[in-house]
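Below: one structure, written as structure tokens.
The values are calculated or read from the model by the stated rules, or taken from the named source; none is laboratory data. This one's a predicted model, so the numbers in the text were calculated from it and none came from an experiment. Cβ placement follows ideal geometry from the backbone for every residue including glycine, while neighbour counts extend to all protein chains displayed.
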Amino acid sequence: MLSEQSVSVVDVWLEAGRDGRTFRYCDSLRLGVGLGDLVSVRLRGRRLQGLVTSCRGFDEDSHAEGFSGHPLLPVDALVQSAAVDAGWREWLDAMADRCHTSSFRMLKAALPPGWLGQRPTPSAAGRRMWWVALRDVAPSVDLSNASRQQALMDVLAQRGGGAWQRDLLAEGFQSGSVQALESKGLIQREQRCCNDLESSVSPPFHAEPPRALTEEQQAAITRFQRLPDSSEMLLWGITGSGKTEVYLQLAAAELGAGRHVLMLTPEIGLIPQLVDRCRKRFGAQVVEYHSGCTDRERVATWRRCLASDQPLVVVGTRSAVFLPLRPLGLLVLDEEHDNSYKQESPMPCYHARDLASERVRLQGGRLLLGSATPSLETWSRLQPEGPVMLSKLRSRISRQPLPPVRIIDMRHELAEGNKRLISRALMDRLAGLRDKGEQAVVLVPRRGYSTFLSCRSCGEVVMCPHCDVPLTVHGSRSHQQWLRCHWCDHREPIAASCSACGSLAFKPFGAGTQRVMERLAAELSDLRLLRFDRDTTGGRDGHRRLLDRFADGEADVLVGTQMLAKGMDLPHVTLAAVLAADGLLHRPDLRAGEQCLQLLLQLAGRAGRAEKPGEVLVQTYSPDHPVIRHLVDGRYERFLEEETTLRREAGLVPFARACLLRLAGRSANDTATAGTLLAERLREPCAAAGWQLLGPAPAPVARVAGRSRWQLLLHGPKNSPIPLPPGASLWDGLPRDVSLAVDPDPLQL
Ligand code: ADP
Ligand code: ZN
Ligand code: ZN
């Protein structure tokens, strides 16, 4: 007989409507449900998973509280006990407020996909997978002509003799190599049960010893370790200065003290190499968490974080910032300046750096921000003005100097009759590569978010008379185009000739990547090209496979978009070139200059990493642009100082705030109308709070994937709250087909 006293009544937060709602259930199956548990229940016949938000004993009133007098339904299953604790919830709620989203949406974004909602949780139990192991007795086979197979053998040896095939493939080995080794009798494969999807490292594990630190590295480590709990430090080190080694040694100290470590990297493409470096030190304590993992793996990792009695090192992308690691000793954000830390859509539009900073403030642990080119935001939060400490690494480990930068003035090319994409200087340099056994990377800026108007004869770009940004070309057909400023809504017609020099070589700038690639292939027909962009690097290890092919010498030139600049280490690359820096320089964005310089400096870091010295070649119509000047003189900090002065005087971010409301819908009319109605509702509260409201206006890219995009831009004083109505009322009255996202402190328009 059920003793009612011991049965709990629980409120379960379920996905219902935009922001979730709690419903009451009863733990009549005696699952021992408690606060913060993730449970499975039924709601109007559907099975849902939700979070227990309150929990109390069964009493007289409880009978009456069911739906329309029916007794309470039972909780069907306990999916995960203590999925969420109170401190974590508090942090998440504060972040939800900051992102102008509901706590429920924030929670849903934080938990592994599919955990909260309607999908049943994938069960991780009992999957059979291939285990690859070295044979105890193996024939002696010469692998000197099969470097990948030898590398695979080495990895297996390092991992104590065996690894999951899945992990090996994830690390970029081809299944062909595995098969070849198997047929040579060097390895064997068997199907094994993989319960917890742990990493493949099996004991005995021979940890790679830490490196002897340079003086600078030692100083950075000592400095960080002396900081009190909840501190933040910027590790500002040029490319190749050994930042990662600092992370690893700090991580080792935390693990030794029994605390977890979280290492974030902005791009999924950078995960494999960071994971490798961590695994060599910490073996099976290293776990991955990012969008390349399946939902099942993400749930398994989340559970492992909750349950682990051993401190872990988690390597992940921005969403890993949510993992429930307690106690968290060290949180590293590598390449802290990178935009990919900001989620732009869907909501919540959070920045992982803000979340990380708030997390260590509330829950303890210390935050280390690493970069060769820190963001202006972080730089302006440095001591003595702000809370962030600083440590610098000024020299490269290899003692190789940073490569020199050569600017190619494309206006001269045009004046001298060269109308091709590639300057003669770059052509000569590329033509000589193959004989010297060298390689090049060529960056073609991703199709700009917009098109600007520029003069190919003198380099003049048409700017907004009020703001420090280029005007954007609007309208699809050339006879009905006009110019518009995305910050202040200034508009003007398009002139036929350049106002500075009268040239008629005056037209919108920004061809699609695809077309540029095709023309490039035509112009460089003697060279072997490999394309590195979103389309060619899909899949779990797309990046890695492509880079392996390039590293193996399959091509002379790697041509790619922005992704190319990030963190790859290719010893034969001696040349890094940019085809049209203008596409990066003249984005209608207040951070365009900063982001462009960061990117170009990073790209420069790709050339000449091994013995051969490198060179950087930048083609542009604006050789006098401050970004180009500072790229050549390498004085990044000087750029930040100038940029700060400029932004302060103009009252721009971070000396002011902005908030972007993005609307999207199938019907251009409905979307525009919804924007107008929204603007009318917001005009009054904005004015009252001293904020400016601009728009609605078409987004810089006005149509994406069949949806029209409009936006409203709010500007206001620094540190003042964004004047939006609380809760979900902003979405009231929005047509069904039109979506609205709030992006506070947007990085891009
Ligand atoms: P960053 O992250 O600053 O670009 P890395 O950490 O990748 O630099 O270091 C560059 C190279 O120098 C790597 O190959 C790394 O293994 C090596 N390295 C780093 N620190 C040391 C050290 N103290 N002694 C020897 N080699 C080191
Ligand atoms: Zn001109
Ligand atoms: Zn303007």
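Of the numbered criteria (1) within 22 Å of the chain's Cα centre (by Cα); (2) closer than 24 Å to residue 578 by Cβ, the one residue 405 fails is (1). For the stretch 265-287, a tally of residues being buried (at least 20 other Cβ atoms within 10 Å of the Cβ) and part of a loop (DSSP other than H, G, I, E, B) returns 2. Inside the stretch 485-504, residues that are near ligand 3 (Cβ under 9 Å from one of its atoms) and more than 22 Å from residue 625 (Cα to Cα) make up a count of 3. Select from the stretch 126-155 the residues that are within 31 Å of the chain's Cα centre (by Cα) and among the aliphatic types (A, V, I, L, M) and list them in ascending order. Correct list: 129, 151, 152, 155.
When the residues of the stretch 485-502 are filtered to those that are away from ligand 2 (no atom under 14 Å from the Cβ) and assigned to a loop (DSSP other than H, G, I, E, B), the one that is surrounded by the most Cβ atoms within 10 Å (Cβ to Cβ) is 486.
Select from the stretch 234-246 the residues that are assigned to a strand (DSSP E or B) and aliphatic (A, V, I, L, M) and write down the one among them that is surrounded by the most Cβ atoms within 10 Å (Cβ to Cβ). Among those that are assigned to a strand (DSSP E or B) and aliphatic (A, V, I, L, M), it is 235.
Could you look through the stretch 207-233, keep only residues that are in a loop (DSSP other than H, G, I, E, B), within 16 Å of ligand 1 (Cβ to nearest atom) and not basic (Lys, Arg), and pick out the one that is modelled with the lowest pLDDT? The extreme case among them is 207. Do we have residue 250 as under 20 Å from residue 166 (Cβ atoms), assigned to a helix (DSSP H, G or I) and at pLDDT 90 or above here? It is false that residue 250 is under 20 Å from residue 166 (Cβ atoms), assigned to a helix (DSSP H, G or I) and at pLDDT 90 or above.
In the stretch 461-484, what residues are surrounded by 13 or more Cβ atoms within 10 Å (Cβ to Cβ), within 11 Å of ligand 3 (Cβ to nearest atom) and modelled with pLDDT of 80 or more? Within the stretch 461-484, 463, 464, 470, 471, 472, 483, 484 qualify. The residue list 646, 631 contains one member that is touching a residue at least 24 places away in the same chain (Cβ under 8 Å), surrounded by fewer than 18 Cβ atoms within 10 Å (Cβ to Cβ), of a type in the set (A, V, I, L, M) and under 29 Å from residue 385 (Cα atoms), which is 646. In the stretch 79-92, the residues that are of a type in the set (S, T, N, Q) reach residues that are assigned to a strand (DSSP E or B) and crowded, with 18+ Cβ neighbours inside 10 Å with C-beta atoms within less than 6 angstrom, at least six apart or across chains, in these pairs: 80/38. Look at (1) touching a residue at least 60 places away in the same chain (Cβ under 8 Å); (2) touching a helix residue (DSSP H, G or I) at 6+ places or on another chain (Cβ under 6 Å); (3) crowded, with 19+ Cβ neighbours inside 10 Å and you find that residue 290 fails only one, number (1). Residues in the stretch 374-398 that are modelled with pLDDT of 95 or more and within 16 Å of ligand 1 (Cβ to nearest atom): 374, 390, 391, 392, 393.
Counting residues in the stretch 649-662 that are without any contact (Cβ under 8 Å) to a residue 60 or more places away in the chain and part of a helix (DSSP H, G or I) gives one or more.
Residues in the stretch 447-460 that are away from ligand 2 (no atom under 16 Å from the Cβ) and buried (at least 19 other Cβ atoms within 10 Å of the Cβ): 448, 450, 451. Looking only at the stretch 287-333, residues that are of a type in the set (Gly, Ala, Ser) and over 18 Å from residue 275 (Cα atoms) come to 3 in all. Of all the residues in the stretch 90-144, those that are of a type in the set (A, V, I, L, M, F, W, C) and either at pLDDT below 80 or within 30 Å of residue 162 (Cβ to Cβ) (or both) number 12. Pairs meeting the criteria (first residue in the stretch 213-226 and closer than 17 Å to residue 241 by Cα, second residue at pLDDT below 95 and away from ligand 1 (no atom under 11 Å from the Cβ), beta carbons under 7 Å, at least 6 apart or on different chains) are 216/394.
For the stretch 305-337, residues that are part of a loop (DSSP other than H, G, I, E, B), among the small types (Gly, Ala, Ser) and crowded, with 21+ Cβ neighbours inside 10 Å total 0.
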